[in-house]
């Protein structure tokens, strides 16, 4: 999601993790590993709808990671690089989903405007399990849909579920306001849904 809709300050929360061996179904593929370990001196490529191959990835459904993969150094690198990418001056967004950098996994980076310092945090295996009945309109843009802005109806609050690296288990959290809008936008990406799909809804 593009930051240009709102003027904000960004603070980065870097996620650390332990080393693990990767051999289960929920592990990163070799292609995903190559993307994550790619040129460390540059930000990750942001996929856009203007490129046919990029669009295939953006429209695909993302899968969960296994717990060992989430607790691995490789995931820590992905989380850090996603935050570095979304906060880069050439990108300047408020949220980023893993499919937007070529990785169809249920991972999103979101700026928490509801927390002190408005940090960016990364959420693995995230899903929205509850939504408000009330909807409210608001302007949105997307890093993967260049040069467009539209008004979208979103739920005023949501309950998210994700794997917490701090607790080492699945947790839930209720989110309200603009931060809830960002979560809805980014979680949509994990189902291959772009915000422009919701413009007419």
Residues 152, 158, 193, 122: which one is modelled with pLDDT of 95 or more, on the phi < 0 side of the Ramachandran plot, assigned to a loop (DSSP other than H, G, I, E, B) and surrounded by 15 or more Cβ atoms within 10 Å (Cβ to Cβ)?
193
Condition check for residue 103: surrounded by 18 or more Cβ atoms within 10 Å (Cβ to Cβ) and modelled with pLDDT of 95 or more
yes
Being assigned to a loop (DSSP other than H, G, I, E, B), crowded, with 16+ Cβ neighbours inside 10 Å, at pLDDT 95 or above and touching a strand residue (DSSP E or B) at 6+ places or on another chain (Cβ under 9 Å) is the requirement here; does residue 46 meet it?
yes
Before we move on, is residue 117 more than 19 Å from residue 86 (Cβ to Cβ), touching a strand residue (DSSP E or B) at 6+ places or on another chain (Cβ under 9 Å), surrounded by fewer than 21 Cβ atoms within 10 Å (Cβ to Cβ) and modelled with pLDDT of 95 or more?
no
Sort out which residues of the stretch 119-152 are over 28 Å from residue 89 (Cα atoms) and more than 14 Å from the chain's Cα centre (by Cα), and write them in order of number.
129, 130, 131, 132, 133, 134, 135, 136
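The values are calculated or read from the model by the stated rules, or taken from the named source; none is laboratory data. Values in this document were obtained by computation on a predicted structure and should not be read as measured data. Note that each Cβ is placed from the backbone with ideal geometry, even for glycine, and that neighbours are counted across all protein chains shown.
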